[in-house]
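Enquirer: This is the structure I have questions about; it appears just below.
The values are calculated or read from the model by the stated rules, or taken from the named source; none is laboratory data. None of the values given here were measured: they were computed from a predicted structure. As a convention, Cβ positions derive from the backbone with ideal geometry for all residues, glycine included, and neighbour counts pool all protein chains shown.
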Amino acid sequence: MTAMICHNSQAGDIHIPWTYTERNDMMNKIRVMLADDNQSILSLLTDYFSRKTDIELVAAISDGMEIPDAVREFLPDILVMDIIMPRRDGFMTLEKLNELEPALRPKVIVLTGLARDDFIMRAIQLGASYYMVKPFDMNLLHSRIVEIAGAQAPAALTGEAEGVQRGESVEEQITNLFLTLGIPAHIKGYQYLREAVRMVVDNHDVINRITKELYPGIARKYDTSASKVERAMRHAIEVAWTRGRLDTVNQMYGHKVFQKDDKPTNGEFISCVAEKIQRAKSA
């Protein structure tokens, strides 16, 4: 098979050399499309993924306006996309992708140089599966593509998480764990739980002073009351629980931490997530 010419509207076509001798090989690969207006990053990603035997790189695009049509044409499993793109940014692109038939929608990994909570939450609300802050580790991005494509259980939830999570910031780990656990990003409890996990990662003893120090500290930051913080956290955890996603907490440790009918308390949930991140940091 001849080399594929990928779409690139600004700097000429990028040629991705690959040859398959068997159609089965091609069908077993993860179809990946790249979108970034930074030509250096796009070329770097193209070169890296064209050498991966489990990846079929189907397109590389530098113009946000071209993404929906390219998705229809190339049918990627995963779209790796910068949030800042010319003519149509990543948020608008996610909205356009949501208008596609479900079978055509790829899973999206967002790349951004802006580690802002509001940007991250907006991307997640619009359907992004994962986000990474630039500069990022290529091997980590590859691992995330494989996980999100369903080739293996999410590494953030397995006993090997400490090895794969190196290179991620605490903020990234919290966001991606919450995403996997099903904590909705649009409710107040999400932000309160994020802040609580940060506090406990920095000082684990604060979990033992949850009512006297942790809740009041978060309440002061967000100009609310400690009781409202506690209730909002409880609501966020219950929403995730009703979605059946907190069973994945057990996967984080490789054994049952919670039984089917158990609901973790706020403190148990915060401690569990914080401990996972601390273990990854010290690995």
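Enquirer: Mind checking which pairs have a first residue in region 95-112 that is under 12 Å from V80 (Cβ atoms) and a second that is assigned to a helix (DSSP H, G or I) and not hydrophobic (A, V, I, L, M, F, W, C), Cβ under 8 Å, 6 or more apart or different chains?
Expert: From residues that are under 12 Å from V80 (Cβ atoms), the pairs are I109/R144; V110/G90; T112/G90.
Enquirer: Could you tell me whether any residue of region 88-105 is among the β-branched types (V, I, T), closer than 24 Å to Y192 by Cα and either surrounded by fewer than 19 Cβ atoms within 10 Å (Cβ to Cβ) or modelled with pLDDT of 90 or more (or both)?
Expert: No, region 88-105 has no match at all.
Enquirer: Next up: Answer yes or no as to whether A103 is closer than 20 Å to A185 by Cβ and in the same structural domain as V58 (by TED's automatic domain parsing).
Expert: no
Enquirer: If a residue must be part of a loop (DSSP other than H, G, I, E, B) and out of contact with any Asp or Glu (no Cβ under 9 Å at 6 or more places or on another chain), how many such residues does region 106-123 contain?
Expert: Result for region 106-123: 2.
Enquirer: Okay, moving on. For region 186-213, give me each residue that is part of a helix (DSSP H, G or I) and either of a type in the set (S, T, Y) or free of Cβ contacts under 8 Å to residues at least 24 places away in the same chain (or both).
Expert: Listed by number, the residues that qualify are Y190, Y192, M199, D202, D205, V206, N208, R209, T211, K212, E213.
Enquirer: Still on this structure: Regarding L57, is this residue assigned to a strand (DSSP E or B), within 21 Å of the chain's Cα centre (by Cα) and not small (G, A, S)?
Expert: yes
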